[in-house]
Amino acid sequence: MAEQLWKGRFSKAVDPRVNDFNSSIRFDQRMARQDINGSMAHATMLGEQGIIAPEDRDAILTGLQEILADLESGALEIDPAAEDIHTFIEQTLTARIGDAGKRLHTGRSRNDQVALDIRLTLREEVTGLMDQILGLVAVLCDQAEQNTDSVMPGYTHLQRAQPVTMGHQLMAYAWMLLRDYGRLQDALARMLHDCPLGSGALAGTTYPIDRQLTAEMLGFDGPCPNSLDGVSDRDFCIEIAAAISICMMHLSRLSEEIILWCSWEFKFIELDDAFTTGSSIMPQKKNPDVTELIRGKTGRVYGDLNTLLVMMKGLSLAYDKDMQEDKEAMWDAIDTLALCLRTVTPMLATMTTLPENMRAAAAKGFINATDCADYLTKKGMPFRDAYKLTGAMVSDCIAAGKTLEQLTPDEFKAYSPLFEADVYTAIDLLTCCEGRSSYGGPSQASVRAQIEAARAQIAALRAEADEA
């Protein structure tokens, strides 16, 4: 078993059960590369400040580079008996280069070390999530572009309400996801504002360290201004988990739409066979399991966020062992969202829309009733009177098994002499969509403008990410 870094204070061996309970190596080994990068910056600074000798600094840097290369090649395996990844790397370094390795931890604590490592890890992994989000938005734009004239019912209370297009509906989710991107971007910017390295255990250090140097080397704006806050802050974990939770909520809402749309009751879309499953006894079944799992996994991610909030809510300053629980919750939230994005994106890219079924559903739902009332209003009838009259017309049509479009000119005239032949154009479903030309509406021009704007935003964000 690897030796604990802190054993000098103790005269009795720790119970093996406590070692197992205390160990974090099984989940913090994910931060191995980031731990090495942070240690290299720290060692460089120690050398620059004359805190360690140049030859010790060089030996440490070379040794850490070799450890990283061996980990990535598989030549070095992480010891599962190590207490944590920080201990494993430091002890491996010392075994390879001798006493110089023991000088690496000068002016540093595992408290500020782990606070740094998790930030560096999240920077990379959240950046990957953001790229996946843009990929999904791009697919939504592609599908929307193919369906700018695919009229379907828009719903409120899950009741057919007014006509929209599938393109308009899909772009609603594109804008939600772009907000998710922005939330993650904002959270990363705040996280990378303050570097915790140099905070020590809680009260800084007596060594003449240069915190600005290490902060700049590691991509932070500067050092955190308070050492207590530096080691005990996990706001960034909570904020990122919250942003991930909101993104999962959006994916869950989209999944619910897909589940409804591909059912025989709606049949607005057809999912590709590669992204559905069957039944063990019902040969006709084609189940949207991907979307159902996304819906279920959303609750799991909410649990990760709740874990972080409850973990932190009662902690006094500064570091407490409770905070070791941050990593498992964060990794699970990140991995779950990444898996969902990786699966739903090609599923939507291969989805087939069924415009004829959408239009048939729209025609049966009297979703042009508002347009009929607007027609009368534009002819001079007060809106409330037009609203009441159109409601009576809908009621009569339901009783007669008709739609508004199926009324004859004489039947229209019987309701009001204001009705002319142009009423059929006014209540045509596509006309109803095209008439809603206000900014952000479902007209083809509006939806195409949304697609163009979203694609421009994707391009700008990707260019910004490349520059970073």
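The values are calculated or read from the model by the stated rules, or taken from the named source; none is laboratory data. No experiment lies behind these values; they were computed from the predicted model shown. Neighbour counts are summed over all protein chains in view; Cβ atoms, including those assigned to glycine, are modelled from backbone coordinates with ideal geometry. Each accessible area value is taken on the protein alone, full model and side chains, heavy atoms only, with ligands, DNA and RNA left out. Shrake-Rupley method; radii C 1.70, N 1.55, O 1.52, S 1.80 Å.
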- Query: In square angstrom, rounded to the nearest 10, how much accessible surface does residue 186 have for a 1.4 Å probe?
  - Reply: 80 Å²
- So what are the ³J(HN,Hα) numbers for region 317-328, from phi and the Karplus equation (6.51, -1.76, 1.60; θ = phi - 60°), rounded to whole Hz, Gly and Pro as x? 6, 10, 7, 9, 4, 3, 5, 5, 6, 5, 5, 4
- Percentage relative contact order, region 115-261, counting C-alpha pairs under 8 Å, at least six apart: 22 percent
- Query: With contacts defined as alpha carbon pairs under 8 Å and 6 or more residues apart, what's the relative contact order of the chain in percent?
  - Reply: 16 percent
- Item | Surface share of carbon and sulfur [accessible, 1.4 angstrom probe, percent] for region 257-411 | 56 percent
- Message: Just to confirm a number: summing +1 for Lys and Arg and -1 for Asp and Glu over residues other than residue 148 whose beta-carbon lies under 15 angstrom from that of residue 148, what do you get?
- Response: -1
- Task: Treating cross-link reach as a plain straight distance, find the lysines whose alpha-carbon is under 28 Å from the alpha-carbon of residue 413, omitting any fewer than eight places away in the same chain.
- Result: 364, 378, 379, 388, 402
- Probe 1.4 Å, all chains present, heavy atoms only: residue 121 accessible area in Å², nearest 10, is 0 Å²
- Note on the structure: Heads up, region 25-100 by the C-alpha gyration tensor (a ≥ b ≥ c square roots of eigenvalues; a/c under 1.5 rounded, else a/b over b/c prolate, else oblate) looks prolate
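Could you work out the local net charge near residue 128, counting Lys and Arg as +1, Asp and Glu as -1, over the other residues with Cβ closer than 15 Å to its Cβ?
Taking every Cβ under 15 Å from that of residue 128, the sum is -1.
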- Of all the stretches in the chain, which is the longest one without any exposed loop site, taking GluC sites (Glu not before Pro) in a DSSP loop (any state but H, G, I, E, B) with at most 11 other Cβ atoms within 10 Å? 266-468
- Could you work out the helix-only [θ] at 222 nm for the chain, with each DSSP H run of four or more residues adding -39,500 (n - 2.57) and the total divided by the number of residues, to the nearest 500 deg cm²/dmol? -20500 deg cm²/dmol
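Want the number for residue 277 to residue 75: 0.36 nm per residue separation, take away the alpha-carbon distance, what's left?
68.7 nm
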- Message: On C-alpha positions alone, give me the angle between the axis of helix 110-145 and the longest principal axis of the chain, in degrees, nearest 10.
- Response: 20 degrees
- residue 331: accessible area at probe 1.4 Å, nearest 10 Å²? 10 Å²
- Note on the structure: Heavy-atom accessible area per residue of region 334-468, all protein chains kept, 1.4 Å probe, expressed in Å², is 52 Å²
- Judged on accessible area alone, 1.4 Å probe, highest first, 424, 207, 387 line up as 387, 207, 424
- Order of exposure, largest accessible area first, which applies to 378, 364 with probe 1.4 Å: 378, 364
- Label-point separation in nm, residue 149 to residue 460, each point 7 Å along Cα→Cβ: 3.1 nm
- Task: Taking amide H positions as placed in the peptide plane 1.01 Å from N, state which residues far from residue 287 in sequence (5 or more) or on other chains have amide H under 5 Å from it.
- Result: 277, 278
- Task: Determine the per residue accessible area of region 106-229 with all protein chains present and a 1.4 angstrom probe, expressed in square angstrom.
- Result: 37 Å²
- Item | Structure-derived Cα Rg over 2.2 N^0.38 Å - corresponding label in (i) 0.98; (ii) 1.02; (iii) 1.34 | (iii)
